[in-house]
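The values are calculated or read from the model by the stated rules, or taken from the named source; none is laboratory data. Being a predicted model, the structure only gives us computed values, none of them experimental. Virtual Cβ from ideal backbone geometry, glycine too; neighbours counted across all protein chains shown.
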């Protein structure tokens, strides 16, 4: 795992896996065509989605090692690094990778929506686990893209290729929604742990020392990526993680405001606000009154 393979273009990744480049910006890579190889880390300068077919070692992505099992999808945004830890053994890659350059989707519906697909920011242990039916749908999407790549490029090619990539990603959104429900045992207690984390944070001096708790801070403490954590909280509660943090802040603020020995500015600093006016603005937005008005009326 010491070697870092760098792939800045689709063509470079095709060549590495012994696949022919049919389009400079997009490819369905058949990994079984590649030569047997040892595990290494890889940098991808383009969007990459792996569909795993057989066990070939542990996927190393970010700080985590993941038992990359068959029937899973892993999503990488441009600039991310991932790899296989084969413990020094040679393995035969299997499965498929959909790779496409950001230049392919500029000016398209997908280009305008790409940030909606938050799973490109998930960690490897938050991969999408497919049922047999879902896997067939994914392979059908890949087949349609491959069909277009086999044809001579014409005025319809880009629109059809990008539309099928967008369709594939929309199916992945649906499948992730299903996974949030069917894999409850994996997520069991996350919301309760989130609540306890906030309670511990504000009952200590962390707010005054570190400031307001961010979604990234909470996700890291719960060993989840910010994107996955945010999506999970939204699916489970109907509220965003930011909304949960703000509601906790307001509840605590209401209690502290009743202590007339503390100024409003002091309350703001104790809650982690760097600037009291930011606290007053949030309080007014959530409660409908300024902190001073709330104190006076109660």
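Can we say residue 210 is outside the structural domain of residue 128 (by TED's automatic domain parsing) and at pLDDT below 90? It would help to see each step written out before you state the result.
Values: outside the structural domain of residue 128 (by TED's automatic domain parsing): yes; at pLDDT below 90: no.
Criteria not met by residue 210.
Consider the range 264-283. How many of its residues are surrounded by 13 or more Cβ atoms within 10 Å (Cβ to Cβ) and either outside any helix (DSSP H, G or I) or not assigned by TED's automatic domain parsing to the domain that holds residue 201 (or both)? Steps first, answer last, please.
Filtering the range 264-283 for residues surrounded by 13 or more Cβ atoms within 10 Å (Cβ to Cβ) gives 264-273, 276, 279-283.
Cutting the leftovers down to either outside any helix (DSSP H, G or I) or not assigned by TED's automatic domain parsing to the domain that holds residue 201 (or both) gives us 271-273.
Qualifying residue count for the region: 3.
Specify the residue that is farthest from residue 161 (Cα to Cα); the eligible residues are those in the range 121-136 that are touching a strand residue (DSSP E or B) at 6+ places or on another chain (Cβ under 7 Å) and in a helix (DSSP H, G or I).
125
Yes or no, residue by residue, for (1) within 20 Å of residue 16 (Cα to Cα); (2) at pLDDT below 95; (3) part of a helix (DSSP H, G or I); (4) in the same structural domain as residue 15 (by TED's automatic domain parsing):
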site: 69; (1), (2), (3), (4): no, yes, no, yes
site: 83; (1), (2), (3), (4): yes, yes, no, yes
site: 104; (1), (2), (3), (4): no, no, yes, yes
site: 119; (1), (2), (3), (4): no, yes, yes, yes
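Considering only residues that are at pLDDT below 95 and buried (at least 19 other Cβ atoms within 10 Å of the Cβ), which ones fall in the range 24-41?
Those that are at pLDDT below 95 and buried (at least 19 other Cβ atoms within 10 Å of the Cβ): 31, 39.
Can you tell me which residue is farthest from residue 99 (Cα to Cα) among those in the range 159-181 that are at pLDDT below 95 and in contact with a strand residue (DSSP E or B) (Cβ under 9 Å, 6 or more places away or on another chain)?
179
Of all residues in the range 2-20 being assigned to a loop (DSSP other than H, G, I, E, B) and surrounded by fewer than 17 Cβ atoms within 10 Å (Cβ to Cβ), which is modelled with the lowest pLDDT?
2
Kindly provide the set of residues from the range 106-117 that are assigned to a loop (DSSP other than H, G, I, E, B) and either out of contact with any helix residue (DSSP H, G or I) (no Cβ under 8 Å at 6 or more places or on another chain) or not assigned by TED's automatic domain parsing to the domain that holds residue 14 (or both), ordered by number.
106, 107 - these are the residues of the range 106-117 that are assigned to a loop (DSSP other than H, G, I, E, B) and either out of contact with any helix residue (DSSP H, G or I) (no Cβ under 8 Å at 6 or more places or on another chain) or not assigned by TED's automatic domain parsing to the domain that holds residue 14 (or both).
For the range 134-146, state whether one or more residues are within 24 Å of residue 228 (Cα to Cα), surrounded by fewer than 19 Cβ atoms within 10 Å (Cβ to Cβ), at pLDDT below 95 and outside the structural domain of residue 226 (by TED's automatic domain parsing).
Yes, because at least one residue in the range 134-146 is within 24 Å of residue 228 (Cα to Cα), surrounded by fewer than 19 Cβ atoms within 10 Å (Cβ to Cβ), at pLDDT below 95 and outside the structural domain of residue 226 (by TED's automatic domain parsing).
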